[in-house]
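The structure under discussion appears below in the form of structure tokens.
The values are calculated or read from the model by the stated rules, or taken from the named source; none is laboratory data. Predicted model only: the values in this text are computed from it and were never measured. Note: ideal-geometry Cβ built from the backbone for every residue, glycine included; neighbour counts use all protein chains shown.
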Amino acid sequence: MSRTRTPILAHVVYRTRRFEQMLAWYQQVFHARVRHQNPAMAFLTYDDEHHRLAFIDLAVVQPGAQDSEKHGLVGVEHIAYTCASLEDMFDSYTRLKSHGILPYWCIHHGLTISMYYADPDGNQLEFQVDCFESAAESNAYICGPSFSVNPVGVEFDPEDWLAQVRAGASLSGFLVRRVHEPVSPIRGALSAV
Ligand SMILES: [Fe+2]
């Protein structure tokens, strides 16, 4: 039996062309509040988690796209699950890789380190590890300048990190992001449009 712990549900991200209406609806229904908002994205929460809901405004990200209500574009972008540790995440990465299952996007969000996978139907999942130990630190980060400068994140190569670990580095040394650029494009369904 695997010693890695099962990831727990953390947040859902939606792609929408009704950005303001969606924000208002989810704030009303969940008593949610906005943690961070920029012209393209908004991050909401209703408890101590840094975000429970996020929204991508397709009118900004895909302004010229045809077929604007096409299923698979408007709707759920991804569902995120939190891993207990970076070691657990990388153990799962290695196990899944041995079964031919690879992430399509590995990204250091600053707030979390995340690997995104697509299931056989193309539904997108994020496995994440929090970079900060406390909710207070996470919430300070999402409201702070580093997140405003790069709310998407910086891509990383898990094989490069594993090679550094084999050479003596500690996985936990990657938790604090020291390089904040380049800003990655959002990969997955959006990059296939
Ligand atoms: Fe996410």
When you look at Asn123, is it away from the ligand (no atom under 13 Å from the Cβ), farther than 25 Å from Thr4 by Cα and not charged (D, E, K, R), yes or no? no
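Is at least one residue of region 72-81 more than 21 Å from Val165 (Cβ to Cβ), aliphatic (A, V, I, L, M), free of Cβ contacts under 8 Å to residues at least 24 places away in the same chain and surrounded by fewer than 19 Cβ atoms within 10 Å (Cβ to Cβ)?
No, region 72-81 has no match at all.
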Counting only residues in region 71-120 that are near the ligand (Cβ under 10 Å from one of its atoms) and of a type in the set (Gly, Ala, Ser), the one farthest from Ala169 (Cα to Cα) is identified as Ala80
Need pairs with beta-carbon distance below 6 Å; first residue in contact (Cβ under 8 Å) with a residue 60 or more places away in the chain and within region 95-122, second assigned to a strand (DSSP E or B) and away from the ligand (no atom under 13 Å from the Cβ); sequence gap 6+ or separate chains. Tyr104/Ala118; Ile107/Glu155; His108/Val154
Those residues that are under 23 Å from Glu133 (Cβ atoms), surrounded by 12 or more Cβ atoms within 10 Å (Cβ to Cβ) and within 15 Å of the ligand (Cβ to nearest atom), I need them from region 6-52; list them, please. Pro7, Ala10, His11, Arg35, His36, Phe43, Leu44, Thr45, Glu49, His50, His51, Arg52
Of the residues that make up region 84-102, is at least one at pLDDT 95 or above and under 15 Å from the mean Cα position of the chain (by Cα)? yes
Yes or no: Ala135 closer than 20 Å to Pro7 by Cα and small (Gly, Ala, Ser)? yes
